[in-house]
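K.L.:
Here it is, the structure, as structure tokens.
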Amino acid sequence: TTYNVGYIVGSLAKNSINRKLAKALIKLAPEKLKFHEVSFADLPLYSYDYDADFPEAATRFKADLKRSDAILIVTPEYNRSIPGGLKNAIDWASRPYGTNSFARKATAVIGTSPGAIGTAVAQQSLRSVLGFLQAPQMNAPEAYIQFKPGLITDDGEVTVPETEQFLRDYMEEFHQFMARVLTVLPRDA
Ligand code: FNR
């Protein structure tokens, strides 16, 4: 079985270290995982005024989530939480009421930061949001990646072998996790 994995990069920055991490994770993932980016860059700021008539960007965003068997969120930590753009995107995904795109979707969260705690606080904050949205989350392994200059190249090559192996194992665990989730919660699509 192959699985379609949607990945969300929480940063909009051109030289995002989290985008480098996402590239690395895709390269190191088991072959049976097929990846597509679920981008939130085009979304306006959410308000429930849009619920009656969703803009095309939001409809597309939700469709990209819907066709995903699992979602990988690779996010920076901004001010000890997740970036506003990512929270905005999740708010869009959760609405209109009754169409929560994260419900029953296997998720994993990971991130990197130059700081020593490697996005731990942002990930904790994201976990409460995903919990509220009834998204099954991989609890372990956790991954708090401190980004030292050169750790991951622009092409997504990990230059430290131990980190490379850790990230490969992380993706193997995610593969097994989504397989378990999909066994009990098959996709309705
Ligand atoms: C940061 N940064 C940061 N780092 C961290 O470990 N904890 C934090 O709370 C914050 N807060 C924060 C706020 C804002 C507004 C910015 C712009 C940055 C530093 C951050 O980890 C660093 O800029 C990374 O490069 C961000 O990841 P991306 O966007 O490059 O993927």
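K.L.:
Give me the strands (runs of 3 or more DSSP E) completely within the range 1-108, filtered to those with at least 2 residues that are closer than 21 Å to residue 134 by Cα and away from the ligand (no atom under 16 Å from the Cβ), ordered by residue number. Give the steps one after another, and end with the answer.
P.N.:
Numbers: elements: 3-9, 33-37, 70-74.
Fully inside the range 1-108 and qualifying: 3-9, 70-74.
K.L.:
A follow-up question, please. If I ask for residues that are assigned to a helix (DSSP H, G or I) and in contact with a helix residue (DSSP H, G or I) (Cβ under 9 Å, 6 or more places away or on another chain), which ones from the range 126-139 would you list?
P.N.:
Once the filter is applied, which keeps residues that are assigned to a helix (DSSP H, G or I) and in contact with a helix residue (DSSP H, G or I) (Cβ under 9 Å, 6 or more places away or on another chain), the range 126-139 yields 126, 129, 130.
K.L.:
Can you confirm whether residue 118 is surrounded by 14 or more Cβ atoms within 10 Å (Cβ to Cβ), near the ligand (Cβ under 10 Å from one of its atoms), modelled with pLDDT of 95 or more and not hydroxyl-bearing (Ser, Thr, Tyr)? Spell out how you get there, then give the answer.
P.N.:
Numbers: surrounded by 14 or more Cβ atoms within 10 Å (Cβ to Cβ): yes; near the ligand (Cβ under 10 Å from one of its atoms): yes; modelled with pLDDT of 95 or more: yes; not hydroxyl-bearing (Ser, Thr, Tyr): yes.
It is true that residue 118 is surrounded by 14 or more Cβ atoms within 10 Å (Cβ to Cβ), near the ligand (Cβ under 10 Å from one of its atoms), modelled with pLDDT of 95 or more and not hydroxyl-bearing (Ser, Thr, Tyr).
K.L.:
Give the range 46-79 a look and list any residue that's farther than 21 Å from residue 107 by Cα and in contact with a helix residue (DSSP H, G or I) (Cβ under 6 Å, 6 or more places away or on another chain), or say none.
P.N.:
Here is the first cut: in the range 46-79, the residues farther than 21 Å from residue 107 by Cα are 46-57, 79.
46 - this is the single residue of the range 46-79 that is farther than 21 Å from residue 107 by Cα and in contact with a helix residue (DSSP H, G or I) (Cβ under 6 Å, 6 or more places away or on another chain).
K.L.:
Would you check which residues across the range 132-150 are free of Cβ contacts under 8 Å to residues at least 60 places away in the same chain and within 20 Å of residue 120 (Cβ to Cβ) and list them?
P.N.:
Step one: filter the range 132-150 for residues free of Cβ contacts under 8 Å to residues at least 60 places away in the same chain, giving 132-134, 136-144, 146, 148-150.
Selection gives 132, 137, 138, 139, 140, 141, 142, 143, 144, 146, 148.
K.L.:
Just to verify a result, which residue in the range 140-181, among those that are in contact with an Asp or Glu (Cβ under 9 Å, 6 or more places away or on another chain) and assigned to a loop (DSSP other than H, G, I, E, B), is farthest from residue 103 (Cα to Cα)?
P.N.:
Out of the qualifying residues, it is 157.
K.L.:
Right, here's the next one. Looking at 72, 12, 21, 25, can you tell me which residue is touching a Gly at 6+ places or on another chain (Cβ under 9 Å) and surrounded by fewer than 21 Cβ atoms within 10 Å (Cβ to Cβ)?
P.N.:
The unique qualifying residue is 12.
The values are calculated or read from the model by the stated rules, or taken from the named source; none is laboratory data. Model, not experiment: these values are computed from the prediction. For neighbour counting, all protein chains shown are included, and Cβ atoms are generated from backbone atoms with ideal geometry for every residue, glycine included.
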